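To keep things clear, I will list the structure first and then write my remarks on it.
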Amino acid sequence: MAKLSITDLHNLRGQRVFVRVDYNVPLDEAGNISDDKRIKATLPTIDHLVKSGAKIILAAHLGRPKGKRDPRQSLRPCAARLAELIGGTVNFADDCIGDKVDAMVAAMQPGQILLLENLRFYAEEEKNDAVFAAQLAKNADVYVNDAFGTAHRAHASTAGVPEILKKRGSQCAAGFLMEKELKYLGGALSNPPRPFLCILGGAKVSDKIAVIENLLTQADAILIGGAMAYTFLKSQGYGVGNSLVENDKLDLAKNLLAKAKGKKFLLPVDHVQATKPEAGATTRITDGPSLEDGWCGVDIGPKTIAAYNQEIVAAKTIVWNGPMGIFEIPEFSKGTFEVAKAVAGNKGATSIIGGGDSAKAVKKAGVDKQVTFVSTGGGASLEFLEGRELPGVAALSNK
Ligand code: AMP
């Protein structure tokens, strides 16, 4: 069901618009924001609302304060950075509910922006507590969710508040960033130009079972890399040496491979193996899919890179989630970076990078601007690829 967009909202002048944003930014030791891309990503939505004359109430979380007020996890620095970015004023409320916040909201003028303090200073946020949600909703006429990264959580600010507003007959819409996520991830799953290729890597099969199951029914080809590959290979009787393997998931891996029969489900045909999974270890390329005793797999090998490249250049839609090896260590990063470059180099395809480590990998490979879309939500994009409806999306008004 298509969801209401921020562009469907009219007559916003003077309306109090509660906007859930993702300002969970990294802070350095001194408490300074070390990467403000999440704040920058909200600028189109904020700019649109300022121009519409709305009263903009921004709500977000930072870190994991677990229901306790912690000044090191205050959103105050985000208010200052947002003010710099828009070249205007952003007021900050040192709480997210209560009399003081109510008074600050009541004093707002059209076009003004108020950022509320960290929602997770209250344990009620993550519990989706009804009373807490009602206190937040009290200061809102309209709801906008632009925080795709938390849309897979049914929290007060992502689910409780829009449910209350909808009951009141108010509109709840997706912001520009959320809309873009739904357009690209949703487009890949609903009607992708084919061949539709999925590349899955990372540490564990167990994290991606539901994604693999769902994509087996949708994708034309699936390429597997990362430590996840060793669990699949071991389930087929190949040697895995000291590689990271989930021994309790061997039956599951076997079943997934059985389900994939007749489909293009590619496992690595060679590997970079190392004496230990650390920088400076001795490495060598395996002859085939088996790893040698005493060695561990740390990256896909050159024959695998070539085979995966062939699939990548032929694809029309590509979704990638999870690195091909321990890419954080330069000697083990080649497979991941080669895949990143091949994906970015296929200009005829819509290429979607599913957040988290794959997003870091395309950035490190210097090709993040050349792919079609990099998702801002790791966990949320995975749940989306599982075919699940995210609570933060479900809670928005239908078109
Ligand atoms: P995930 O969060 O499941 O996407 O996993 C990402 C992590 O998987 C990264 O930190 C990688 O270093 C790790 N990883 C990828 N390949 C391997 C491997 N062959 N052995 C151990 N860890 C790996």
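The values are calculated or read from the model by the stated rules, or taken from the named source; none is laboratory data. Fair warning: this is a prediction, and the values are worked out from it, not measured in the lab. Ideal geometry is used to build each Cβ from the backbone, glycine not excepted, and the neighbour counts take in all protein chains shown. Protein only, heavy atoms only, side chains kept; ligands, DNA and RNA dropped before computing areas. Shrake-Rupley method; radii C 1.70, N 1.55, O 1.52, S 1.80 Å.
Consider Phe176 carefully, then state whether it is aromatic (Phe, Trp, Tyr), touching a helix residue (DSSP H, G or I) at 6+ places or on another chain (Cβ under 7 Å) and open to solvent by less than 10 Å² (accessible area, probe 1.4 Å).
Answer is no for this residue.
Is it true that some residue in region 190-200 is crowded, with 17+ Cβ neighbours inside 10 Å and within 13 Å of the ligand (Cβ to nearest atom)?
There is at least one residue in region 190-200 that is crowded, with 17+ Cβ neighbours inside 10 Å and within 13 Å of the ligand (Cβ to nearest atom).
Any residue in region 112-120 that is without any contact (Cβ under 8 Å) to a residue 60 or more places away in the chain and open to solvent by 60 Å² or more (accessible area, probe 1.4 Å)?
Within region 112-120, one or more residues are without any contact (Cβ under 8 Å) to a residue 60 or more places away in the chain and open to solvent by 60 Å² or more (accessible area, probe 1.4 Å).
Working only within region 201-220, note down all residues that are open to solvent by less than 10 Å² (accessible area, probe 1.4 Å) and away from the ligand (no atom under 16 Å from the Cβ).
Ala219, the sole residue that qualifies.
Kindly establish whether Gly280 is open to solvent by less than 50 Å² (accessible area, probe 1.4 Å) and either small (Gly, Ala, Ser) or touching a Ser or Thr at 6+ places or on another chain (Cβ under 7 Å) (or both).
No, not satisfied.
Output the number of residues of region 354-368 satisfying the condition of being of a type in the set (D, E, K, R) and touching a Gly at 6+ places or on another chain (Cβ under 9 Å).
Kept after step one, since they are of a type in the set (D, E, K, R), are these residues of region 354-368: 357, 360, 363-364, 368.
Filter once more, keeping what is touching a Gly at 6+ places or on another chain (Cβ under 9 Å): 357.
So the answer is 1.
Under the condition of being within 13 Å of the ligand (Cβ to nearest atom) and part of a loop (DSSP other than H, G, I, E, B), which residue from region 324-349 is nearest to Glu278 (Cα to Cα)?
Filtering first and then ranking leaves Ile329.
Can you tell me which residue within region 303-317, out of those that are surrounded by 14 or more Cβ atoms within 10 Å (Cβ to Cβ), over 25 Å from the mean Cα position of the chain (by Cα) and under 22 Å from Ser243 (Cβ atoms), is nearest to the ligand (Cβ to nearest atom)?
Top of the filtered list is Thr304.
Just wondering, is there one or more residues in region 360-375 that are within 16 Å of the ligand (Cβ to nearest atom), touching a residue at least 60 places away in the same chain (Cβ under 8 Å), assigned to a helix (DSSP H, G or I) and open to solvent by 20 Å² or more (accessible area, probe 1.4 Å)?
From region 360-375, those within 16 Å of the ligand (Cβ to nearest atom) are 360-365, 374-375; that's our starting set.
Now drop any that are not touching a residue at least 60 places away in the same chain (Cβ under 8 Å), which leaves 375.
So of that shortlist, the ones also assigned to a helix (DSSP H, G or I) come out as none.
No, region 360-375 contains no residue that is within 16 Å of the ligand (Cβ to nearest atom), touching a residue at least 60 places away in the same chain (Cβ under 8 Å), assigned to a helix (DSSP H, G or I) and open to solvent by 20 Å² or more (accessible area, probe 1.4 Å).
Could you list, in sequence order, the residues of region 323-340 that are surrounded by fewer than 24 Cβ atoms within 10 Å (Cβ to Cβ) and hydroxyl-bearing (Ser, Thr, Tyr)?
Within region 323-340, just Ser333 meets the criteria.
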